[in-house]
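Q: Structure in structure tokens, see below.
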Amino acid sequence: MDAATLSQTPLRILHLEDNPTDHELVKIALQRDGFSATLTWVDTFDALARQLGAVRFDAVLADYRLPDCSALDAMRLARSCDPTTPFIIVSGAVGETAAIQLLHEGANDYVLKDGLHRLRPALQRAIEAHQNLVAKQQADLRLQESQQRIAELARHLQTSIETERTTIAREIHDEIGSVLTALKFDLSWIGRHTTDERISSRAASALETIDQAIQSTQRIMVNLRPAVLDQGLVHAIEWLARGFEKRTGIKTVFHTTHQQIKLPDEVQQVAYRTAQEALTNVSKHAGATEVSVYMTPDTGVLSLEISDNGKGLGDEDLAKPKSFGIRGLHERARTVGGWVDVSTNQQGTAVILSVPLTDPGLYADTSPAGGTP
């Protein structure tokens with residue numbers, strides 16, 4: 001707020017002063033300087049408390065010494081009502097040490113009674129700082145609310161995506177899978193009952209195509225919604241690690257401290273997708289020869305670490321505008337209240353998912369922990 005705006009906007013100012021003449025001098029000084037304000041005068045600590053409890057003031061002025069309290073007592077009371085309200089000492093005698101203490105305790109400024117020409121600029125600075133602080137707090141609150149809405153939207157989208165994937169996988173299995181299976185039976189019947197060599201050859205070729213289509217649909221269904229998750233997260237991650245090693249030839253070791261971990265479906269899905277994305281990144285970018293997957297629910301936090309011995313990621317890789325893989329991991333983890341840490345150097349990269357468990361007793365160790373080479 002600039003000087004012109006302050007002059008035109010009536011402000012509420014509370015003045016704690018035991019001398020009525022000094023109060024009048026403060027009022028005259030502000031009027032002389034064109035400061036538009038309504039001054040409320042109180043001369044005791046109890047009156048100050050009543051006014052602060054009943055009215056919101058734009059600033060508080062206080063003498064340094066009063067019969068029943070000090071300026072420090074008054075400031076602490078004002079701060080307890082509103083920590084951001086400007087507080088200025090207006091006194092006839094404030095020693096340097098006392099002034100420094102008051103400023104250190106939170107006073108915005110101090111003005112000597114024989115220098116009331118300084119009161120207007122001191123009030124202007126304090127009120128501007130107060131308004132900037134309030135504006136920042138409101139902006140921070142709006143940002144926090146916006147981030148909360150975005151997080152809720154991300155959770156909703158993630159849930160919707162997984163639900164849609166499950167639906168599509170089921171439809172592929174029920175519709176396309178059954179049609180392909182029926183075609184395979186028909187082609188087999190044709191191949192067995194024909195005496196025409198060309199028809200028999202074409203039927204055999206078509207059967208191979210059908211088998212490839214069935215394998216493709218199975219792979220698509222697994223990617224959409226791995227049925228192995230129904231057997232638990234440990235089994236699913238172990239199955240994922242074995243499949244990754246078989247498909248890429250990269251040695252993959254899986255370790256876990258618990259062979260059975262009971263978790264909410266959304267946490268299982270986030271952990272599985274995180275491992276899946278991390279392993280995909282390893283196969284595409286790392287140039288690694290070994291991968292380690294480690295999972296534990298100890299200390300009340302589910303921790304899943306996927307590390308490799310590849311070339312690592314540079315700062316420029318993590319900062320790429322279209323680096324959606326790593327960003328997606330962070331966003332997915334937030335949907336269940338977790339977070340992802342990425343540690344990388346020339347010896348490799350580690351992606352660590354951490355998800356606090358609302359009930360650490362959810363997991364159960366039903367068999368000795370182990371791993372899969």
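Q: What percent does the relative contact order of segment 192-319 come to when contacts are Cα pairs within less than 8 Å and at least six residues apart?
A: Working: 119 pairs, mean separation 24.7, N = 128.
Computed over segment 192-319, the figure is 19 percent.
Q: Evaluate the relative contact order of segment 49-140 (contact order divided by residue number), counting alpha-carbon pairs under 8 angstrom at least 6 apart; express in whole percent.
A: The normalised contact order for segment 49-140 reaches 27 percent.
Q: Let me ask another. Can you classify segment 150-224 as rounded, prolate or oblate using the Cα gyration tensor, where a ≥ b ≥ c are the square roots of its eigenvalues, rounded means a/c under 1.5, and otherwise it's prolate if a/b beats b/c and oblate if not?
A: prolate
Q: If you count the DSSP beta bridges with both ends in the chain, what percent of them are antiparallel, to the nearest 5?
A: Within the chain, antiparallel bridges account for around 50 percent of the total.
Q: When only C-alpha pairs under 8 Å and at least 6 residues apart count, what is the relative contact order of segment 150-224, in percent?
A: Computed value for segment 150-224: 42 percent relative contact order.
Q: So what's the gap between the Cα centers of segment 46-70 and segment 207-239, to the nearest angstrom?
A: 73 Å
Q: Going by average Cβ neighbours within 10 Å, how do the peptides 125-131, 27-33 rank, with the highest at the top? Write down the numbers at each step before the final one.
A: Details: 125-131: 16.9, 27-33: 15.3.
Order by mean packing, descending: 125-131, 27-33.
Q: Within the chain, how many lysine pairs that are 8 or more places apart, or on different chains, have C-alpha atoms less than 18 Å apart?
A: 8
Q: Quick one: angle between helix 265-281 and the longest Cα principal axis of the chain, in degrees between 0 and 90, rounded to 10, please.
A: Between helix and principal axis, roughly 70 degrees.
Q: With +1 assigned to the C-beta of every Lys and Arg and -1 to the C-beta of every Asp and Glu, and no other charges, what is the dipole magnitude of the chain about the Cα centre in debye, to the nearest 20? List each step's numbers first, then the result.
A: Numbers: 37 positive and 48 negative charges, 215 e Å.
Roughly 1040 debye for the chain.
Q: What whole-number distance in Å separates the alpha-carbon centres of segment 154-197 and segment 98-133?
A: Here the two parts' Cα centres lie 77 Å apart.
Q: Normalized C-alpha radius of gyration of segment 13-142, against 2.2 N^0.38 Å? Let's see the in-between values first.
A: On the way: Rg = 14.1 Å, N = 130, 2.2 N^0.38 = 14.0 Å.
For segment 13-142, the normalised Cα radius of gyration comes out at 1.01.
Q: Quickly estimate the mean residue ellipticity at 222 nm for the chain, helices only: each DSSP H run with n ≥ 4 gives -39500 (n - 2.57), and the total goes over all residues, rounded to 500.
A: The helix-only estimate for the chain comes to -17500 deg cm²/dmol at 222 nm.
Q: Sticking with this one: At a 10 Å Cβ-Cβ cut-off, how would you order 246, 113, fewest neighbours first?
A: Ranking 246, 113 by Cβ neighbours within 10 Å, fewest first, gives 246, 113.
Q: Same structure, new question: Residue separation times 0.36 nm, minus the C-alpha to C-alpha distance between residue 176 and residue 134: what's the value?
A: Stretched out fully, the residue 176 to residue 134 stretch lengthens by 9.0 nm.
Q: Nothing charged except the Cβ atoms of Lys and Arg (+1) and of Asp and Glu (-1): what's the magnitude of the dipole of segment 150-224 about its Cα centre? Round to the nearest 20 debye.
A: Approximately 140 debye in magnitude.
Q: Calculated from the structure, Rg and Dmax of the Cα atoms in Å equals which of (1) 44.3, 178; (2) 35.8, 124; (3) 22.1, 75?
A: (2)
Q: Once amide H atoms are built 1.01 Å from N in the peptide plane, which residues 5 or more positions from residue 348, or in another chain, come under 5 Å H to H?
A: HN-HN under 5 Å from residue 348: 312.
Readers should treat all values here as calculations from the given coordinates under stated rules, not as data from a laboratory. If you're wondering where the values come from, they're calculated on a predicted model, not measured in any experiment. Neighbour counts are summed over all protein chains in view; Cβ atoms, including those assigned to glycine, are modelled from backbone coordinates with ideal geometry.
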